[in-house]
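**Student:** This structure is in structure tokens; I'll ask about it shortly.
The values are calculated or read from the model by the stated rules, or taken from the named source; none is laboratory data. All of these numbers come straight from a predicted model, not from anything done at the bench. In this analysis, Cβ positions are derived from the backbone assuming ideal geometry, glycine residues included, and neighbour counts consider all displayed protein chains.
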Amino acid sequence: MSGFRETFGVISRNLNWYPKHMNTGLKQMQAKLRSVDCVLEIHDARVPLSGRNPNFSHLLVGEKPHIVVLNKVDLISSESKRKIKDIYEKTVTKNLIFTNCKNDQDSGVKKIVPMIRDLIENSNRYHRTGMDEYNAMVIGIPNVGKSSFINITRAKNLKKATALKVAPSAGVTKMVHMRVKISTNPLIYLFDTPGILTPRVPDPTAAIKLAVCGGFPDHDVGLMLIADYILFTLNKQKKFRYTSFLGLEEPCDCITTALTKGAIHTNRMLNLKSYIATGPVKKPDFDLMAKMFIDKFRKAEFGKVVLDDIDQFTQFEEVSDDIDLKENEVFERSTNT
């Protein structure tokens, strides 16, 4: 099939999600900074550009030793990993680690403790000079795997069981947790923190990419909208493995048609009462099919996909302190009324 959409089209509403716990969590994180020697910024490797909260640099990192961890590397190709590594080392930091927190033998996880130790030992700890333990704070947007990262790092170095609750949806961690020990030699603790988005995501394309990766609750965005963007992306990148799952003879550019055929192919139909027909009427279960389609994409069953156009990268967008503070003030006023 030819003639796929060149652009996704206009998203009819702003996709923003900034519940009260994010504002509270951000204040808790800032209050903890005096006790922190190093900041670990976790991101989803599928959205290496649009998946960064641009406010982190000035609100939480500052001059502290800083490591960027790109998690879920198993969901992108080796070629994409190479390009992303080049972008980050040129524009953000050379302290970059790729991880797959579902693999307890992951080579990236093994690098965490040595890099934290080296960066802290070679930095000015100011009022924490002479303290035996090292504290690091794990930050990132929702659903990038912060808690999973802490759990697997702890398991790898201490052979200890899971310490933090994890889930496949955004917003599970709502407050800054007490320290979790991940190493005894040297003694290193990690603070788990809630995922923090910006109060406003001005670029609707960036917002839908975050939604595709689970950065927003699916029900707040809409399953059909998320599924449609996935279909658009797969066609744009010429990844047509989805046709087999949906029972399509050829690629399709219409999400309603694709999910209808998929519902028939997988027998995901609803039996609805009819006041005209003599028996029940069958209708595709669009919500169920959209959810199945989204879940399979997120597991890379349709192919390994980077949602950002890393070949056209120019620079990371920064957000000024004035805009950020103003947005947070507006949010606080709205939640206190």
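**Student:** Looking at the range 221-279, what helices (runs of 4 or more DSSP H) fall wholly within it and have at least 1 residues that are farther than 15 Å from MET292 by Cβ?
**Tutor:** Answer list for the range 221-279: 223-236, 255-266.
**Student:** Filter the helices (runs of 4 or more DSSP H) completely within the range 30-129 down to those with at least 2 residues that are of a type in the set (A, V, I, L, M).
**Tutor:** 78-91, 112-121
Results for (1) within 20 Å of ARG298 (Cα to Cα); (2) modelled with pLDDT of 90 or more, shown as yes or no for each residue.
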| residue | (1), (2) |
| --- | --- |
| PHE149 | yes, yes |
| ARG154 | no, yes |
| THR173 | no, no |
| MET178 | no, no |
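**Student:** With the checklist (1) in a loop (DSSP other than H, G, I, E, B); (2) over 30 Å from ASN157 (Cβ atoms); (3) within 24 Å of the chain's Cα centre (by Cα) in hand, flag the one item THR193 doesn't pass.
**Tutor:** If we test THR193 against (1) in a loop (DSSP other than H, G, I, E, B); (2) over 30 Å from ASN157 (Cβ atoms); (3) within 24 Å of the chain's Cα centre (by Cα), just (2) comes out false.
**Student:** Quick check: anything in the range 261-273 under 26 Å from ALA207 (Cβ atoms) and basic (Lys, Arg)?
**Tutor:** Taking every residue of the range 261-273 in turn, none turns out to be under 26 Å from ALA207 (Cβ atoms) and basic (Lys, Arg).
**Student:** Any residue that is modelled with pLDDT under 95, crowded, with 16+ Cβ neighbours inside 10 Å and in contact with a His (Cβ under 9 Å, 6 or more places away or on another chain) - is there at least one of those in the range 238-250?
**Tutor:** Taking every residue of the range 238-250 in turn, none turns out to be modelled with pLDDT under 95, crowded, with 16+ Cβ neighbours inside 10 Å and in contact with a His (Cβ under 9 Å, 6 or more places away or on another chain).
**Student:** Considering the range 39-51 alone, what residues qualify as being surrounded by 24 or more Cβ atoms within 10 Å (Cβ to Cβ) and more than 12 Å from the chain's Cα centre (by Cα)?
**Tutor:** Matches in the range 39-51: LEU40 only.
**Student:** For the range 1-30, enumerate the residues that are farther than 14 Å from VAL221 by Cα and aliphatic (A, V, I, L, M).
**Tutor:** MET1, VAL10, MET22, LEU26, MET29
**Student:** With surrounded by 18 or more Cβ atoms within 10 Å (Cβ to Cβ) and in contact (Cβ under 8 Å) with a residue 40 or more places away in the chain as the only criterion, which of PHE316, PHE302 stands out?
**Tutor:** Being surrounded by 18 or more Cβ atoms within 10 Å (Cβ to Cβ) and in contact (Cβ under 8 Å) with a residue 40 or more places away in the chain holds for just one of PHE316, PHE302, which is PHE302.
**Student:** Checking the condition out of contact with any strand residue (DSSP E or B) (no Cβ under 6 Å at 6 or more places or on another chain) and under 18 Å from ARG5 (Cβ atoms), which residue from LEU197, LEU231, LEU288, LEU223 passes?
**Tutor:** From the options LEU197, LEU231, LEU288, LEU223, the qualifying one is LEU231.
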